[in-house]
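K.L.:
I'd like to ask some things about the structure below.
The values are calculated or read from the model by the stated rules, or taken from the named source; none is laboratory data. The shown structure was predicted, so the numbers you read here are calculated from the model rather than taken from an experiment. Glycine also receives a Cβ, built like all others from the backbone with ideal geometry; neighbour counts cover every protein chain displayed.
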Amino acid sequence: MRHKGGHIIEDHREIDASLLQSNGIESAQVEVSNSAIYNNYVSSYDGGGIYFYETLFDGSSWLKVSNSQIYNNMTGPYGDGGGGLYAYGVFTLTQSTIYSNTTFGSGGGLYAYGPATIVDSKVYSNYASSKGGGIYFKNCCGYESYGIATLQNSEVYSNYADGYGGGITNDRHHLLIVDSDIHHNSSTNNGGGVYEPGSGVITVTAQSKIYENHSNHGGDSIPTTFCRL
C-alpha cells in the first residue's frame, strides 16, 4: 500500500536486505507497523535496520514505527550511527522495542535528528562505541530549532556506550521525559544514564525515574538547564 507517495509496511515478520537495500527504508513518508526488522548490517552508512532521511521538518514528511521490533542490526565505523534505526526528520515510535543493536558511531538503538516522539516503547541492550548507547537525540542549530524530543511512558535500560551517555545522549535538543524509566545503563565516560553536553534542555516529570546507572565519571551528567516537574 502507498500513502501520499510514501510506503506503508505492515504485518511483515521480516524485512530483508533486498527491501532495505543498503541504507534501509528511505522516503518522504514511511509507516512501519506489526513488523520485525532484524539481522541487517550496513558497513559504511547510517541505520542498520531502518534509514530515513528527509530535510523537511514541517510535518509533511515523517517516519512512524508502531507495534514492531528492531533488533540485531549493526552499522560500521563510517557514518554517524543508528545501529537499529537512523531518523533524520519527524519521527514517532509507538508500542515497539529496539534492542540488541550495535553501532560503531552514536545511537546504538536509535539515532534521531529532529523532532522525535517515543511512546509506550522499550529501548534496551544496545551498544554504541561513541555516544548514546540506547538513544542519541540531536538537534541542528539550538534546542528549539526543530521541535522537541519526547520520551513518554517508556523504558531505556541495559544499554552501553563506550563513550558518553549509556542510556541517552541529548545533543542540543529539548528532551521531555514523561512517566518513563531510565535505569541500569552504563558508559565509559560521563552520563551512565543520561548525558547532556550542556547545549540543550532536559525536563523530567515527577513520575519518571533515572536510577542505577553507572559511569566511570558519574552516573548521570545533567546540565543546569535540567528541570524536574
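K.L.:
Look at the stretch 86-99 and say how many of its residues are surrounded by fewer than 21 Cβ atoms within 10 Å (Cβ to Cβ) and part of a loop (DSSP other than H, G, I, E, B).
P.N.:
Adding up the residues that qualify gives 1.
K.L.:
Filter the stretch 64-81 down to residues that are of a type in the set (Gly, Ala, Ser) and closer than 22 Å to Asn34 by Cβ and give me whichever is surrounded by the fewest Cβ atoms within 10 Å (Cβ to Cβ).
P.N.:
Keep residues of the stretch 64-81 that are of a type in the set (Gly, Ala, Ser), which gives 66, 68, 76, 79, 81.
Okay, now just the ones that are also closer than 22 Å to Asn34 by Cβ, so 66, 68.
Values: Ser66: 18, Ser68: 24.
If we take residues in the stretch 64-81 being of a type in the set (Gly, Ala, Ser) and closer than 22 Å to Asn34 by Cβ, then Ser66 is surrounded by the fewest Cβ atoms within 10 Å (Cβ to Cβ).
K.L.:
Something else now. Which members of the stretch 134-162 meet the condition of being at pLDDT below 95 and assigned to a loop (DSSP other than H, G, I, E, B)?
P.N.:
The answer is Asn139, Cys140, Cys141, Gly142, Tyr143, Glu144, Ser145, Tyr146, Gly147, Ile148.
K.L.:
When the stretch 103-123 is examined, which residues are found to be in a strand (DSSP E or B), more than 11 Å from the chain's Cα centre (by Cα) and surrounded by 21 or more Cβ atoms within 10 Å (Cβ to Cβ)? Explain how you work it out, then say what you get.
P.N.:
Filtering the stretch 103-123 for residues in a strand (DSSP E or B) gives 103, 106, 110-113, 116-119, 122-123.
Narrowing the set further to residues that are more than 11 Å from the chain's Cα centre (by Cα) leaves 103, 119.
Across the stretch 103-123, the qualifying residue is only Thr103.
K.L.:
Hey, could you check the stretch 191-218 for residues that are part of a loop (DSSP other than H, G, I, E, B) and surrounded by 20 or more Cβ atoms within 10 Å (Cβ to Cβ) and say which is modelled with the lowest pLDDT? Please lay out each step first, then the result.
P.N.:
First, pick out the residues of the stretch 191-218 that are part of a loop (DSSP other than H, G, I, E, B): 191-193, 196-200, 205-208, 212-213, 216-218.
If we keep only those that are surrounded by 20 or more Cβ atoms within 10 Å (Cβ to Cβ) too, we end up with 191-193, 196, 200, 208, 213.
Working: Gly191: 90, Gly192: 92, Gly193: 93, Glu196: 88, Gly200: 82, Ser208: 94, Asn213: 93.
Ranking the candidates gives Gly200 first.
K.L.:
Oh, and also: If Gly83 satisfies every condition in (1) in a strand (DSSP E or B); (2) in contact with a Ser or Thr (Cβ under 6 Å, 6 or more places away or on another chain); (3) modelled with pLDDT of 95 or more but one, which is the exception?
P.N.:
(1) is the only condition that Gly83 fails.
K.L.:
Please give the number of the condition Asp181 fails out of (1) more than 21 Å from Val32 (Cβ to Cβ); (2) surrounded by 23 or more Cβ atoms within 10 Å (Cβ to Cβ).
P.N.:
All conditions are met except number (2).
K.L.:
So Arg172 clears everything in (1) more than 14 Å from Ser154 (Cβ to Cβ); (2) surrounded by 24 or more Cβ atoms within 10 Å (Cβ to Cβ) except one condition, right? Which one?
P.N.:
Every listed condition holds for Arg172 apart from (2).
K.L.:
Picking from Ile168, Ile182, which residue would you name as being in contact with a Gly (Cβ under 7 Å, 6 or more places away or on another chain), over 17 Å from Lys138 (Cβ atoms), at pLDDT 85 or above and hydrophobic (A, V, I, L, M, F, W, C)? Reasoning before the result, please.
P.N.:
Details: Ile168 fails: over 17 Å from Lys138 (Cβ atoms).
The conditions single out Ile182.
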